[in-house]
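The values are calculated or read from the model by the stated rules, or taken from the named source; none is laboratory data. From a predicted model like this one, the values you see are computed outputs, not experimental measurements. In this analysis, Cβ positions are derived from the backbone assuming ideal geometry, glycine residues included, and neighbour counts consider all displayed protein chains.
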Amino acid sequence: MTNSKKELEEFRTEVSAWLGDNKPKEPGFLLPQSFMEVGTDQQLDFLREWQYKIWSAGYLGLAWPKEYGGGGVDPVFQTIADKEMRRLGVPICFNIIGLGWAGPLIKDIGTEAEKKKYLKGILTAEDIWCQGFSEPDYGSDLGNVQMRAVRDGDEYVINGTKIWTTMGNYAKYMILLARTNKTTERKYDGLSFFLAPMNVSGIEAKPIRKITGEYGFTETFFTDARIPADSIMGQEGQGWKIAMQTLQYERGAEAGHAGGLAFVRVQMDDLIGQLKSAYRNGKPLLDDPIVCDQLVSLIMEEKAISLGDKRTHIGPLTSDYPLSLPLSHKLRYTEYARRMRKLAVNLQGAAGALDVGDDSALEGGFWQKAYFQSFSATIGGGTSQVQANIVAEHVLGLPK
């Protein structure tokens, strides 16, 4: 059944009104700009309460089935809700690894028991999820994962280390890629995928201090950690296939996201708004033709990314390379975002050296923080170099 324009506009008005009435006040402490920056209990409690409030109001998980805590309606309603959240600048929904990766994966290929056990807790923020893919010595070489999972009766015994585990110190569950067979001819065939509980002995998550001085990532150590054998998803040896499907969600090439804001989206309009009151050598900065040229180039790029996302859903416009836009989105957007934030800092001149906490910093150091944080998005989910290889091999058909 097609949703009428009137119905969608009424829903937009409803969401907008609710968000306007319920948008939290400034809490008096620094809120994360993305889900990769939740580093304190204070931040976690605030964001957990906010996500639960959005879900309770019916604006999160709208396209997920009702029997698993969702709304059971057309995904277009979630798209509208997300756009209103972004427009009104509400806080992020922090449980993104659950909402965007683990949840869609379980919803699409999980057993009925797995769906009933995990999905609702992801939406309510009761169950925080993290990802255990990268390892200290094999960051981008995912197929070479060395963490061992050995079957022992009704359990698997896990040994090894994972790195860049977002919210690993808070998570209840981890989507975990580990090696169950070291003797296979192809290294990929020895990997298995687990929905692993984190609250068992032998697991230690140590927070990693970032260049911003904040936390959000951990290095996670498994030492004879025992998890139930039914934590495995699919069968032994199917881990690579399941991991690749998970990365499709992470990189934006597959639908299924439960909704909510993963990060504070900063657009060119925000940057230009800041520059309207900026001066250089006594003249408005926006009168400088070189600055204007830089801004126009980024405006065009931002618009191209936006139109490309819309084009993705129009089959005849992508028939030549059907997956080109989805598979390249992460590369295109994260690199654009990094360069845009870099320009925002550069245009501040000497003031660009100020940071969060400096009284004279523009917007309290917002742009400096945004720039430093932008690097994590160019690394997580596959570095930009890896993304370029994916486009080359899987879109353009170039050799390895």
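Quick notes
- Count - residues of the stretch 260-304 that are among the charged types (D, E, K, R), surrounded by 11 or more Cβ atoms within 10 Å (Cβ to Cβ) and without any contact (Cβ under 8 Å) to a residue 12 or more places away in the chain: 3
- Set side by side, the residues K283, K310 differ, and just one is outside the structural domain of L30 (by TED's automatic domain parsing) and closer than 28 Å to I379 by Cα, which is K310.
- Single match in K172, K182, K162 (criterion: closer than 18 Å to Q235 by Cα, out of contact with any His (no Cβ under 9 Å at 6 or more places or on another chain) and assigned by TED's automatic domain parsing to the domain that holds G216): K182
- Scanning the stretch 362-400 for residues that are more than 30 Å from I96 (Cα to Cα) and aliphatic (A, V, I, L, M) gives L396, L398.
- Of everything listed in (1) assigned by TED's automatic domain parsing to the domain that holds G234; (2) under 21 Å from G39 (Cβ atoms), the single unmet condition for I96 is (1).
- The one condition in (1) in a loop (DSSP other than H, G, I, E, B); (2) at positive phi; (3) not basic (K, R) that D224 fails to fulfil: (1)
- Between L123, L105, L119, L88, the distinction of being closer than 30 Å to P27 by Cβ, touching a residue at least 60 places away in the same chain (Cβ under 8 Å) and under 19 Å from the mean Cα position of the chain (by Cα) belongs to L123 only.
- Here the stretch 1-34 is the region considered, the condition is being modelled with pLDDT of 90 or more and among the aromatic types (F, W, Y), and the residue that is nearest to G365 (Cα to Cα) is W18.
- Residue in the stretch 351-395 that is farthest from L323 (Cα to Cα), counting only those that are hydroxyl-bearing (S, T, Y) and touching a Lys or Arg at 6+ places or on another chain (Cβ under 7 Å): Y371
- Leading residue by the ranking (surrounded by the most Cβ atoms within 10 Å (Cβ to Cβ)) among those in the stretch 45-83 that are of a type in the set (A, V, I, L, M) and under 16 Å from the mean Cα position of the chain (by Cα): L60
- Restricting the stretch 298-318 to residues that are among the polar types (S, T, N, Q) and assigned to a helix (DSSP H, G or I), the residue that is modelled with the highest pLDDT: S306
- Residues located in the stretch 149-166, provided they are crowded, with 18+ Cβ neighbours inside 10 Å, at pLDDT 95 or above and either aliphatic (A, V, I, L, M) or farther than 14 Å from A205 by Cβ (or both): A149, Y156, I158
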